[in-house]
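Here's the structure, in structure tokens; my notes come after.
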Amino acid sequence: MNVKTETRTSADVNQSAKLAIADCDIHPSPKSVEKEIYPYLEKRWQKHNETYGLLLRQPYQNGPAYPKGQPDASRRDAYPPEGGRPGSDVKFMGEHHLDVHNVQLGVLNPLKSGQGLQNVDFAAAYCRAVNDWQISHWTSQDARLKGSVCLPYEDAALSVAEIERRAGDPNYVQAFMLIRTSEPMGQRRYWPIYDACAAANLPLAVHAFGFGGSPSTSSGWPSYYIEDMVGHAQSAQAMVMSLVMEGVFERTPGLKIVVVEAGFAWLPPLAWRLDRIWEKNRDELPHVKRPPSEYIRDHIWLTTQPFEEPDRRSHLKDTMEWIGWDKLLFATDYPHWDFDDPARLPLPKVNDATRENFFLGNALDLYGLR
Amino acid sequence: MPAVAPGAIDCDLHPAVPNVKALLPYFDDHWRDMIVQRGVHELDSISYPNNAPMTARPDWKPETGKAGVDLDRLRVEALDGFQTSLAICNCLYGVQLLYTEDMAYAYARAVNDWMAAEWLDKEPRLRASIVIPPQNPVYAAAEIDRLAGDRRFVQVLMLVMDEMPLGRRRYWPIYKAAERHGLPIGIHAGSAYRHPVTPVGWPSYHAEDSAAQAQAFQTTLSSLMTEGVFAEFPELKVVLLESGFAWLPSHMWRLGKFWRGLRMEIPWVDRHPMEIAKDHVRLTINPRDVPPSADAVERLMKHFESDEMLLFSTDYPHWQFDGDDALPEGLSPALAQKICQDNPLATYPRLKETV
């Protein structure tokens, strides 16, 4: 929120956190699509972009159906002094965020990446360009940053090709999708993506938002931006439910899912509900061999921003224990307005090892960076 | 398990329309003729496939036909079985699923008159919810007005997934009528199937349809709160039926977090959603999506910061538990007492008139 902004620089590095941290959700943007993305995009698609633009399954050419709470959904202090969108300057991001918060590992999750475009060929070309750009403009410029392989996920074959192209490249730590897919993620059309991720040893991050075309609630479109934002949690629940109930984790035991920016406290009640329903409907689900909560415990990680804030921290502690402390990954969502500041996070009291793993170790383990 | 003490009030049970023939006497000539002439099929929702495990508990399932159609069995199995003093009937015949609003209105009237004559007149422990056609809120309000004089109707019944999120102002005539008559709005699991049951499309399995109800209740609460229903109707109570309840605290945390950041968008929401929920939202106890240990249930109960939100229900004849295991482990005797008797009486003012 921008009621009051404060400027901190690397000189007054936050002493209360002290720890080096991993930030598992940072959003980089190009300063200019023409200058930064076009070099990696075939002429045909450059021309397509000039003529038709990025057509998503949403009403407007220029922005989201629900206007954001802030310009560009960003912190007002995150605009680079040299100009450009928040999150578009690797140097400024380093000083304004990575240095200040002692970020040792920053995971880049590009959002205007071509994902969810109506035209899947264009989506594939654009994702590929954005993936190249993550190396040229980010990971090669600051060793703390790692990229995500953006997938044109509505087409599994094109996605598999992109995963295979990037497999083994240390610039990337995960593959990347958006939660609001056009069909539930457990369905068969997406299965080749999971096999390819497992084969490439890439966790699959699934981030809030997306353009699947279905209303964002099962009762139709809501009225407000706040409902759109809160609703990512329900979309994430539907995603986890589908992956479990379709038997994806039984079929692809190497698959690791990271739920990004969709909250986390909903996970235990979802697991309890799925267990109860699974127990009573075993004959419909012969492919789901174990209680759903076990697959969830083994295969689901979650980033914590925007951090849930009950009145009592002990309530949150219960929830985090039920999820498993080893499955929670700290994230800030820099440069967005609902940024979680690591120094001010209302984290329940835990021992030092748990705290260190929460802020860093869990991410290093998940991404194989120890 | 904590036993259900005698005198509990069962806030969700389901007498079923055996078939459309049983309803025919309650239609006017035009609609009776239309139904026969057109051979209208049964309005059984896909939410409850007739032979699916959770639709009827094995020992409550008749050899043939639907569960919940027999008053004698309901007396023995549900009322005597749990020694309930009162029980609220929520008829799930698929009136809300019709696309033709006049037809839905006719069906709603028939179901309500059938309920009064075939159940309420015959069994003094029964109460019922008014079935309405949400397809047309003006008709719905008229149906509430028509029946509100019968004090055995204690609530208005809606399904959680309708054409639009239930907070939308299109529905406000319904809430206005309900508030005027001191009737809570009961929002039951189920869908009019205008949209896929998940925000990411249609799932493959019935089990997923069941599980997805919880997310629908969450977005519905978001809608009711953000649109300002409880600011406009300060006396209104909403009862979530067959909703599960374990998800409520964490959903309120998340809605509350964003309310802090985005309250300028919804200035009529002048306090934390959890506070609004404590005053206006109630949830029935079955199905219970609770952790496996009593200790964890006890901790979960504290997350509600209130002992007034949960209401006893058996969900008869749906299969949510076996034997008389109607309450989860981990409830204190005092909380069980609140859930089984005090909270229902506080939620439904009309119940006090007969207890």
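Summary of values
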read-out: Cα centroid of segment A:324-342 to Cα centroid of segment B:209-270, whole Å; value: 24 Å
read-out: Summed side-chain charge close to B:P25 - residues other than B:P25 whose Cβ falls under 14 Å, Lys, Arg +1, Asp, Glu -1; value: -3
read-out: Candidate lysines - alpha carbon under 16 Å from A:K146, same-chain residues fewer than 8 apart omitted; value: A:K91
read-out: Selected from A:W337, A:W272, A:W325 as most flexible by GNM, with chain A as the system and alpha-carbon contacts under 10 Å; value: A:W272
read-out: Check: segment B:262-341 dipole with +1 on Lys, Arg Cβ and -1 on Asp, Glu Cβ, in debye; value: 260 debye
read-out: Dipole moment magnitude, nearest 20 debye, the protein assembly as shown about Cα centre, only Lys, Arg, Asp, Glu C-beta charged; value: 940 debye
read-out: Anisotropy class of segment B:301-355 from Cα gyration tensor, a/c 1.5 cut; value: oblate
read-out: Lys/Arg +1, Asp/Glu -1 at C-beta; segment B:163-312 dipole; positive extreme among B:A192, B:I266, B:A216; value: B:I266
read-out: Residues in segment A:244-276 that, when all protein chains are in place, have 20 Å² or more less accessible area than the chain alone would give (probe 1.4 Å); value: A:M245, A:E246, A:A265, A:P269, A:W272, A:R273, A:R276
read-out: Dipole-positive endmost among B:Q155, B:M225, B:A116 within segment B:9-352 (Cβ charges, Cα centre); value: B:M225
read-out: Chain B: calculated mean residue ellipticity at 222 nm from DSSP helix runs of at least 4, using -39500 (n - 2.57); value: -10000 deg cm²/dmol
read-out: Global geometry of segment A:165-234, whether rounded, prolate or oblate, following the gyration tensor of its Cα atoms and the 1.5 cut on a/c; value: prolate
read-out: Whole-percent carbon and sulfur share, accessible surface of the protein assembly as shown, 1.4 Å; value: 50 percent
read-out: A:V100, B:V69, reordered so the largest accessible area comes first (probe 1.4 Å); value: B:V69, A:V100
read-out: Interface area, B with A, accessible, probe 1.4 Å, both sides summed, Å² nearest 100; value: 5900 Å²
read-out: Residue-wise HN-Hα coupling along segment A:165-179, computed from phi with Karplus coefficients 6.51, -1.76, 1.60 (Hz; x: Gly, Pro); value: 4, 9, 4, x, 7, x, 5, 10, 10, 7, 9, 9, 10, 10, 5
read-out: Accessible surface, per residue, of the protein assembly as shown when the full set of protein chains is kept, probe 1.4 Å, Å²; value: 36 Å²
read-out: Other protein chain Cβ atoms within 10 Å, averaged over every residue that makes up A:185-192; value: 2
read-out: Helical segments meeting 30 Å axial Cα length and Kyte-Doolittle 0.5 threshold in chain B (DSSP H); value: none
read-out: Max mean-square fluctuation residue, GNM over chain A, Cα-Cα springs under 10 Å, options A:L202, A:L285, A:L270; value: A:L285
read-out: Amide H within-cut-off set for B:L283, under 5 Å, with H built and near neighbours excluded; value: B:L240, B:L310, B:L311
read-out: Phi-based couplings in Hz for segment B:159-167 (Karplus 6.51, -1.76, 1.60; Gly and Pro marked x); value: 9, 5, 10, 10, 4, 10, x, 5, x
read-out: DSSP-defined antiparallel bridges as percent of all bridges, the protein assembly as shown, nearest 5; value: 5 percent
read-out: Whether the protein assembly as shown is rounded, prolate or oblate, judged on the alpha carbon gyration tensor where a/c under 1.5 counts as rounded; value: prolate
read-out: Sum of -39500 (n - 2.57) over DSSP H runs of 4+, divided by residues of chain A (222 nm, nearest 500); value: -9000 deg cm²/dmol
read-out: Relative contact order (%) - chain A, alpha-carbon pairs under 8 angstrom, separation at least six; value: 19 percent
read-out: Whole-Hz couplings from phi, Karplus 6.51/-1.76/1.60, listed for segment B:55-70; x for Gly and Pro; value: 5, 8, 4, x, 7, 9, 9, x, 4, 9, x, 7, 6, x, 9, 10
read-out: Total charge dipole magnitude, segment B:9-352, about the Cα centre, Cβ charges on Lys, Arg, Asp, Glu only, Debye to nearest 20; value: 820 debye
read-out: Dipole of chain A [Lys/Arg +1, Asp/Glu -1 at C-beta], most positive-end residue of A:M185, A:N131, A:N351; value: A:M185
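The values are calculated or read from the model by the stated rules, or taken from the named source; none is laboratory data. Just so you know, these numbers come straight off a predicted model, no measurement behind them. Don't worry about glycine lacking a Cβ; one is built from the backbone with ideal geometry, like all the others, and counts go over all protein chains shown. For the accessible areas, the whole protein counts, side chains as well, though only heavy atoms, and no ligand, DNA or RNA atoms are used. Shrake-Rupley method; radii C 1.70, N 1.55, O 1.52, S 1.80 Å.
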